Amino acid sequence: MSQRKSSSSPFSLKVVAINLAAGGSAGFTEICIMHPLDVVKTRFQIQTTGKPGDPNYYTSVYDCIRKMARNEGVLSLYKGVLPPVLVETPKRAVKFLTFEIYKKIFGSPTPTTFFLAGLGSGTTEAILVNPFEVVKVAQQANRSQHKVSPSTWAVARQIVKNEGFGFRGLNKGVTATIGRNGLFNMIYFGFFHTVNSKITQPENKWRQNFQKFLIGLVAGVLGCLVNIPFDVAKSRIQGPQPVPGEIKYRSTFGSIGLVYREEG
């Protein structure tokens, strides 16, 4: 009985290995497919001024992809792809394992527990991934031809050399990343586990999985809607400042307030 319990525990070596392999491979596939849209998202989030005729001003997703491919090369849509690839497997492990740990800490499986455990999981995950996010955003914001764009290692070295490891260097924007990841995981895990535990589970395995997929889809959409202001603030803090040498976007809520006042 105890052997069966330990083998199904979320902390057993076998389960951890399976989750790492499955999560890592799924994450790698997701990055390969979705990264161009992540680059486009960053370009829009750091865009503050410009006119439709400006080659560096984007009016739509298609317009951004077209201009980047024409001006910077097709592979420019994969700028900054290495940092998320490097951190994806440990990120997934931290995300799901810490959720289970926080769930145990907070006690009985209630909606409040699920939401709090999700918030704790996202906060821990954010601290891990933030240095990689800083490098990724710096690469995605670079508008030079893909062939001459600096490598991930060159960008990381430059950030450390000029700004260090602190909150103006490799860890700048960490509070915005905590807000983004913390809120997303709180909504995602909280909504998913609450709804999944309340509704009737179909006997058919395929229908059961499809039901979980739909709940996860809704949870993901809700999470994105809630956390997007923090994601914009993160890109503004971590990306190039409007005036070189002057730091306009410093704090998370200060950046959100500035964007709201100046751009709506």
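The values are calculated or read from the model by the stated rules, or taken from the named source; none is laboratory data. None of these values were measured; they are calculated from a predicted model. For neighbour counting, all protein chains shown are included, and Cβ atoms are generated from backbone atoms with ideal geometry for every residue, glycine included.
Among the residues of region 202-246, the ones that are within 24 Å of Q158 (Cα to Cα), touching a residue at least 24 places away in the same chain (Cβ under 8 Å) and not basic (K, R) come to 9 in all.
Here the helices (runs of 4 or more DSSP H) wholly within region 1-106 that include at least 1 residues being modelled with pLDDT of 90 or more and more than 24 Å from the chain's Cα centre (by Cα) are 61-72.
Here are I199, I228: which of them is among the β-branched types (V, I, T), loosely packed, with under 13 Cβ neighbours inside 10 Å and either at pLDDT below 95 or under 18 Å from G118 (Cα atoms) (or both)? It is I199. Taking residues in region 63-92 that are in contact (Cβ under 8 Å) with a residue 24 or more places away in the chain and hydrophobic (A, V, I, L, M, F, W, C), and partners anywhere that are buried (at least 19 other Cβ atoms within 10 Å of the Cβ) and in a loop (DSSP other than H, G, I, E, B), the pairs with Cβ atoms closer than 8 Å and at least 6 places apart or on different chains are C64/Y58.
Inspect region 73-80 for any residue being out of contact with any His (no Cβ under 7 Å at 6 or more places or on another chain), crowded, with 18+ Cβ neighbours inside 10 Å, among the small types (G, A, S) and farther than 30 Å from S197 by Cβ and give the result as yes or no. Yes - at least one qualifying residue is present in region 73-80. Applying the set (1) within 20 Å of K41 (Cβ to Cβ); (2) more than 16 Å from the chain's Cα centre (by Cα); (3) surrounded by 13 or more Cβ atoms within 10 Å (Cβ to Cβ) to K172 leaves exactly one unmet item: (2).
Here is a yes/no grid of residues against (1) within 23 Å of K136 (Cβ to Cβ); (2) touching a helix residue (DSSP H, G or I) at 6+ places or on another chain (Cβ under 7 Å):
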| residue | (1), (2) |
| --- | --- |
| K161 | yes, no |
| V174 | yes, yes |
| F191 | no, yes |
| I199 | no, no |
| N209 | no, no |
| N227 | yes, yes |
| D231 | yes, yes |
| S235 | yes, yes |
| G239 | yes, yes |
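The set of residues in region 99-131 that are more than 18 Å from N227 (Cβ to Cβ) and crowded, with 19+ Cβ neighbours inside 10 Å comprises Y102, K103, T113, P131.
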